[in-house]
Amino acid sequence: MATTAAPAGAGTTSPVAAVAEYRRPLIDRIAGLALILPGVLWLAIFFLLPLAIILVVSLGSRDAAGHLTLAQPNLNNYIEATRPAYLPAFANSLRYSAITTLLSLAIGYPIAYWISRYGGRRKVLLLILVMLPFWTSYLIRTYAWMIILRDNGVLNSGLQAVGLIDEPIALLNTDFSVILGMTYGFLPFAILPMYVSIDRLDQHLVEAARDLYASGSRAFLHVTLPITMPGIVAAALLTFIPAIGDYVTPDLLGGAQTTTIAKIIQVLFTSGRNWPYGSALGFLLMVVTLAGTLVALRTLRREVLA
Amino acid sequence: MTYEPSAPSSRVEIELNRYLAEQRMTRRDLLARIAEIGAVAALAPIVAACQASTSPSAAPSVNAATPSAAASTAPTPQPTPQPTPESDLFVYNWDGYIAPDTVAKFQKKYNVKVKYDKFPDADTQMTKIRSDSKGGGYDVTYPASTEISGLAKDGVLLQLDQSLIPNLKNLAPDFTNPDYDPGNKYSVPNYWWTTGFAWDPARVPGDLSSWTALWDASHKGHLGMLDDQREVFAVAGFRLGLSPNTTSEADLDQMLALLKQQKPLVRKYTEDDIGDMTSGQLWISHAWSGDWYQMIADKPKIKYVVPPEGAVRGNDTLVILSGAKHPIAAHLWLNFNLDAEVSAANTNAIGYMGPNAAAQSLIDPAIVNDVRLNPPAAVREKLVELLFLAPADLDKYTSRWNELRA
């Protein structure tokens, strides 16, 4: 933002009044709009528009030939989408994303803390290492997990070779492999926001707590943790929200007993050829996720972030 | 069939341009007309013009069928019209689904440049060719037979001009008038297969044959079913003596109940029966015959059976898309793949049987004599084709499939 000359006569009024009276010149306001425009357009074209399309499709139905028709918009798809038969898959999605989020926070926080406090001159290098997996396609990394985890895979063969087990343990196609794969995938998204908030923490506050005879753990619990809570909340959201709709990881690493709601939606769109129904279920999932997130944020803001 | 690149091609081109100018048509209009009335009818005036303007000395090889030519050579069979193919052809197929040299042979024979794109699964294929309702820019693709009636109804397919596909005569009788496309109006059959089950005898001893093996609790945690709702419900149908094409809610409820009993044993509804069987992840799995043939390349001991209760016979097809920009080259591709030698080479490469009676003697005896790849007549009688279902009927399967999966 360009510095502008103070309005004439500013010298005579108090600084507070000057701030209150200050109005940005027109050119600045236009510049501000211009700066925000790409972001707004991006959101409109790639988020709001697809969302609107999904909403419209979800109110439609199919004619006898299977084509989408909006002749009689109705909510039948939403009524169908709440079938209790799908609850186990929804419960799986919730469970996987909740556990993934907790694990990502528990593993990610110490890493972020360590990089920030002890990274020294290598901080940038360490952060690059956190993001290094992004240099390879997620799909390839997930296939690598399959090779590690399967019955004759690296892990089972290794355990058998050292005589710890006789028969391979079923690792792939289980809850374990799904949660492992998801935690692995989402961990960097949890580390980065937590790192930022830990790095911004004024270390003098911790020193002050220690000067007042707080033990190391008390100082952490009463100073460091509350102050870095916004980073933890951001990390939780960045993990939980994408995790609940994750399709690739449970599909590749999961099995017959680990179906998620994303798979149910995929079936409706592909072999089920029922886009209106799939859209309704997808939209419903998004609304539920959004509502849950807002409630959680409100509660947190009142109790933790206040 | 030979390609004659000299005089006729330019003459066809000249006559084509003249015709288009006279009729105030664009090439696109002509293609639309081909889609409506078939290539021979649409191109007849051009072919006739070529014929009329050809001096006997210039190009005696132009021998296209015109009414007058047919009349003058009444006793001999009508010669096949051979319009000049376009210079390119866009083919959309599975990866590794034809013999490695099929494309090169075609390019050499017809001087057509083939652009060959691959799809990873049938859902992607369908989404792409339906994206603009006329093929998404491709000329030829390979849909499963169950898709044909829906695709034809939606105008995605070009009605074939059978006079450009003389090799249709090579088809075995089973395939000349299929239920999914009577008279092969829109499609020609490509490969056919059965869906049975495969097992690794090192892990699952015994000579299995009945579908009940897939409900055997001793395979718990190592049993696979295909990630394909119609195929999975078909297995339950064969066990219960119900049609795999049933649309009765009561039948489907029975099938679902049986599949729910099986689910705790199932490790995976697999999209990769080959990889899961060869890596030892699965010991016994619902599988396609051609996939089994690829499993034994890695693990020769794996067995396969077509259960006596009945099994699904599937086939896929070659079709020309209604938006095809190279319809003549596309017809030539279909005809080429029905050639006995080409068809046999494709089967020898991937292990799926072709519908080609003329090719039988050219197929590797290890394939053609294997009752699992080429079942005898007694087994063939028990095979059932999956038919295309109307949306409301398909929903009955989908909702139960999702209920099973959830």
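The values are calculated or read from the model by the stated rules, or taken from the named source; none is laboratory data. Computed from a predicted model, the values in this text were never measured in an experiment. Cβ: placed from backbone, ideal geometry, glycine included. Neighbour counts: every protein chain shown.
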Of the residues in the stretch B:85-123, those that are in contact with a Ser or Thr (Cβ under 9 Å, 6 or more places away or on another chain) and assigned to a helix (DSSP H, G or I) come to B:K109, B:A122, B:D123
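Can you go through B:L240, B:L226 and tell me which one is without any contact (Cβ under 8 Å) to a residue 60 or more places away in the chain and at negative phi?
On the way: B:L226 fails: without any contact (Cβ under 8 Å) to a residue 60 or more places away in the chain.
Answer to the selection: B:L240.
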Of the residues in the stretch B:125-154, those that are more than 9 Å from every other protein chain (Cβ to nearest Cβ) and farther than 19 Å from B:L334 by Cβ come to B:K128, B:R130, B:S131, B:D132, B:S133, B:T146
- Query: Got at least one residue in the stretch B:245-266 being without any contact (Cβ under 8 Å) to a residue 60 or more places away in the chain, buried (at least 23 other Cβ atoms within 10 Å of the Cβ) and either in the same structural domain as B:S285 (by TED's automatic domain parsing) or in a helix (DSSP H, G or I) (or both)?
  - Reply: yes
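From the list B:A287, B:A329, pick out the single residue that is modelled with pLDDT of 95 or more, in contact with a strand residue (DSSP E or B) (Cβ under 6 Å, 6 or more places away or on another chain) and either of a type in the set (F, W, Y) or in the same structural domain as B:G206 (by TED's automatic domain parsing) (or both).
Working: B:A329 fails: either of a type in the set (F, W, Y) or in the same structural domain as B:G206 (by TED's automatic domain parsing) (or both).
After applying the criteria, what remains is B:A287.
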**OP:** For the stretch A:69-88, indicate whether the set of residues that are of a type in the set (G, A, S), assigned to a helix (DSSP H, G or I) and surrounded by 14 or more Cβ atoms within 10 Å (Cβ to Cβ) is non-empty.
**Re:** yes
Flagged in the stretch B:368-392 as within 14 Å of chain A (Cβ to nearest Cβ), buried (at least 16 other Cβ atoms within 10 Å of the Cβ) and either assigned to a loop (DSSP other than H, G, I, E, B) or in contact (Cβ under 8 Å) with a residue 40 or more places away in the chain (or both), in numbering order, are B:L386, B:F388, B:L389
The helices (runs of 4 or more DSSP H) lying wholly within the stretch A:206-306 that contain at least 3 residues that are farther than 28 Å from A:G60 by Cα are A:216-219, A:229-244, A:248-253, A:275-300
Given the conditions (1) outside the structural domain of B:N184 (by TED's automatic domain parsing); (2) surrounded by fewer than 18 Cβ atoms within 10 Å (Cβ to Cβ), every one holds for B:L362 apart from (1)
Notebook entry, point to check: Regarding B:R313, is this residue within 17 Å of B:S289 (Cβ to Cβ) and in a loop (DSSP other than H, G, I, E, B)?
Noted result: no
Within the stretch A:108-126, can one find any residue that is in the same structural domain as A:T260 (by TED's automatic domain parsing), assigned to a helix (DSSP H, G or I) and on the phi > 0 side of the Ramachandran plot?
yes
Within the stretch B:344-367, the residues that are closer than 29 Å to B:S243 by Cβ and in a helix (DSSP H, G or I) are B:A357
Taking the stretch A:268-287 and the residues there that are within 9 Å of chain B (Cβ to nearest Cβ) and surrounded by fewer than 22 Cβ atoms within 10 Å (Cβ to Cβ), the one that is farthest from B:F233 (Cα to Cα) would be A:F269
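Would you check if there is a residue in the stretch B:171-190 being within 25 Å of B:L258 (Cβ to Cβ), more than 14 Å from the chain's Cα centre (by Cα) and assigned to a loop (DSSP other than H, G, I, E, B)? If you could, list the steps in order and put the result at the bottom.
Taking the stretch B:171-190 and keeping what is within 25 Å of B:L258 (Cβ to Cβ), we get none.
No - not one qualifying residue is present in the stretch B:171-190.
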B:S210 vs (1) farther than 24 Å from B:I98 by Cα; (2) within 14 Å of chain A (Cβ to nearest Cβ); (3) out of contact with any Lys or Arg (no Cβ under 7 Å at 6 or more places or on another chain): all pass except (2)
Requested in this report: Can you confirm whether the stretch A:59-72 contains a residue that is without any contact (Cβ under 8 Å) to a residue 12 or more places away in the chain and basic (K, R)?
Outcome: no
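Rundown of residues vs (1) surrounded by 13 or more Cβ atoms within 10 Å (Cβ to Cβ); (2) free of Cβ contacts under 8 Å to residues at least 24 places away in the same chain; (3) not aliphatic (A, V, I, L, M), yes/no style:
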{"site": "A:A208", "(1), (2), (3)": "yes, yes, no"}
{"site": "A:I227", "(1), (2), (3)": "yes, no, no"}
{"site": "A:P230", "(1), (2), (3)": "yes, no, yes"}
{"site": "A:A235", "(1), (2), (3)": "yes, no, no"}
{"site": "A:Y247", "(1), (2), (3)": "yes, yes, yes"}
Residues of the stretch B:268-293 being within 12 Å of another protein chain (Cβ to nearest Cβ), within 24 Å of A:E167 (Cα to Cα) and of a type in the set (D, E, K, R), in sequence order, are B:K268, B:D272, B:D276
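Kindly evaluate B:K301 against the criterion of being within 14 Å of another protein chain (Cβ to nearest Cβ), under 30 Å from B:V232 (Cβ atoms) and either part of a strand (DSSP E or B) or modelled with pLDDT of 95 or more (or both). Walk me through it before giving the result.
Numbers: within 14 Å of another protein chain (Cβ to nearest Cβ): no; under 30 Å from B:V232 (Cβ atoms): yes; either part of a strand (DSSP E or B) or modelled with pLDDT of 95 or more (or both): yes.
No.
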Taking the stretch A:166-205 and keeping residues in contact with a Pro (Cβ under 8 Å, 6 or more places away or on another chain) and within 22 Å of A:P230 (Cα to Cα) leaves A:F186, A:P188, A:F189, A:S197
Residue hits (the stretch B:266-281; under 24 Å from the mean Cα position of the chain (by Cα) and of a type outside the set (S, T, Y)) are B:E271, B:D272, B:D273, B:I274, B:G275
By residue number, the members of the stretch A:84-99 that are farther than 17 Å from A:G185 by Cβ and small (G, A, S) are A:A85, A:A89, A:A91
Within the stretch A:136-166, residues within 11 Å of chain B (Cβ to nearest Cβ), outside any helix (DSSP H, G or I) and not polar (S, T, N, Q) come out as A:R150, A:D151, A:G153
Self-check item: Filter result for B:S399 (within 14 Å of chain A (Cβ to nearest Cβ) and either of a type in the set (S, T, N, Q) or over 13 Å from B:R313 (Cβ atoms) (or both))
Solution: yes
Only one of A:P226, A:P242 is more than 20 Å from the chain's Cα centre (by Cα), of a type outside the set (S, T, Y), at pLDDT below 95 and under 26 Å from A:T100 (Cα atoms), namely A:P226
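Residue-wise test of (1) without any contact (Cβ under 8 Å) to a residue 40 or more places away in the chain; (2) closer than 19 Å to B:Y180 by Cα.
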site	(1), (2)
B:R313	no, yes
B:L318	no, yes
B:W333	no, no
B:F336	no, no
B:A340	no, no
B:L362	yes, no
Scanning the stretch B:231-275 for residues that are among the acidic types (D, E) and at pLDDT 95 or above gives B:E231, B:E249, B:D251, B:D253
